[in-house]
Amino acid sequence: MSNLRQLESKIGYSFTNQALLKEAVTHGSSRNTNANRNLPHHERLEYLGDAILYTVISEYLFKHDPDADPGTLSTLRQELISDRKQNIIAEQLQIYDHVNMNASLSRYQFRRYGEFVEAIIGAVYIDAGGGDMNGLRKAKDVIFRLWGLEDPPSAFCVIA
């Protein structure tokens, strides 16, 4: 696994607790030996990051297009949070260079690197304070950076 500082630079966030970032880029397959059985891996952080991504993108669309109906907003949200979109972001970040996985998996044949994007979002949230507003603000900053989004200037802000 490569230097995680490079990944931090790419996502625009420096972790206080490097173990969270390491967990976010550790695939469950790396736990297949007795010595590694309790090794934390990305799936729980992915679960959390998925919920944060859903919320942040929903709010962005709600503010970005105040005249859009819920059906349109849902369609747009699905495009922005899709596996395809997350895999594109993972490729731009070259996450495959940072993921720790069992040698039996070919890192170039593995196709679900987008799930590590969600895990990183969850890790940022926890590292920056979790349930306080700073955790959500920092996760939102990372999402906006990776997705290339900007808050509409005149919109009210639900999430700081």
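Quick look at the numbers
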item	result
Amide proton proximity set for Gly12, modelled H, under 5 Å, gap of 5+	none
Amide H partners (placed H, <5 Å) of Asn100, local residues excluded	Thr26, His27
Estimated FRET transfer efficiency when R0 is 25 angstrom, pair Tyr47-Ser9 (beta carbons, to 0.05)	0.45
Sites Met133 and Asp97 - FRET efficiency at Förster radius 35 Å, r taken between beta-carbons, to 0.05	0.60
Amide H contacts under 5 Å for Gln94, placed H, 5+ residues apart	none
Per-selection Kirkwood Rh - region 37-83 (Cα, Å, 1 d.p.)	12.0 Å
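Quick note: the coordinates plus some simple rules give every number you see, no bench work behind them. Remember, predicted model here, so these are calculated numbers, not experimental data. Cβ sites come from the backbone with ideal geometry, for glycine too, and all protein chains shown count toward neighbours.
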